[in-house]
Amino acid sequence: MRRTGARMFGGIVIMLGVVLVFLHGCAGARYLKTQEVDPQGITGTYTLFLHGGRYGSDLENIAILAGEDTPYTFELYSPEFDYKVRKHVPAEEAVRDAGEFVRFHYAFWKPQWSRILDYNGRVIGYELKPLYYPLEFGYSDILDVTYVIRDHTVTCRIQFKPEMEKGILGEEGPLIFRRHR
């Protein structure tokens, strides 16, 4: 009887181990954090991603400065025709060009600079999002930007915030987008 109990216990431990390994592999992605920052302190050399600017009223505009002195490479989860890439750009030039790029929309209000941090809290790049006049779209920050690391590649996904997307599609959204009957 003791031998059967020991076998059963061993089997349960093995099964739990298999389940834990499986669940770990299915765990959701861990997103990187961003923190607002003053662009005056940005130094170094960057790969500059300029996303958007495809047409006059394009709202999905953002500039990403990917640090070239980090162990990570950046990629955008977006078709290649949606963005431009410039490599080996000095910080001063990257900050200037990013600022000019996100300002072109008529509803631009002010820039929002953030640093992108890896899981250990190290700065691996910067993002510049345009904030728009709140009365124009119901929100000033309309973009939802996420960063995930996998195998030393940072994947950036840029999309409208869900409440903004609903407004654009004509569904129930911010007050400014609601249809009056």
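Scanning region 117-145 for residues that are assigned to a loop (DSSP other than H, G, I, E, B) and touching a helix residue (DSSP H, G or I) at 6+ places or on another chain (Cβ under 7 Å) yields a count of 4. Number of residues in region 54-68 that are modelled with pLDDT under 95 and either over 30 Å from M164 (Cα atoms) or touching an Asp or Glu at 6+ places or on another chain (Cβ under 9 Å) (or both): the value is 2. Screening L65 against (1) in contact (Cβ under 8 Å) with a residue 60 or more places away in the chain; (2) not in a strand (DSSP E or B) leaves a single unmet condition, (2). Within region 139-163, residues that are surrounded by fewer than 14 Cβ atoms within 10 Å (Cβ to Cβ) sit with their Cβ atoms under 8 Å from residues that are among the acidic types (D, E), at 6+ positions apart or across chains, in these pairs: T153/E75; P162/D144. Taking the conditions exactly as written (at pLDDT 95 or above and surrounded by 10 or more Cβ atoms within 10 Å (Cβ to Cβ)), does V19 satisfy them or not? So V19 fails the test. Among the criteria (1) touching a strand residue (DSSP E or B) at 6+ places or on another chain (Cβ under 7 Å); (2) at pLDDT below 95; (3) under 25 Å from R122 (Cα atoms), the one G28 does not fulfil is (1).
Yes or no, residue by residue, for (1) within 17 Å of E36 (Cα to Cα); (2) touching a Ser or Thr at 6+ places or on another chain (Cβ under 9 Å); (3) in contact (Cβ under 8 Å) with a residue 40 or more places away in the chain:
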| site | (1), (2), (3) |
| --- | --- |
| E75 | no, yes, yes |
| Y83 | no, no, no |
| K87 | no, yes, yes |
| V102 | yes, no, yes |
| S114 | yes, yes, yes |
| E127 | yes, yes, yes |
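Considering region 28-69, the residues that are more than 16 Å from S114 (Cβ to Cβ) and β-branched (V, I, T) include one that is surrounded by the fewest Cβ atoms within 10 Å (Cβ to Cβ), namely T43.
The values are calculated or read from the model by the stated rules, or taken from the named source; none is laboratory data. No experiment lies behind these values; they were computed from the predicted model shown. Cβ: placed from backbone, ideal geometry, glycine included. Neighbour counts: every protein chain shown.
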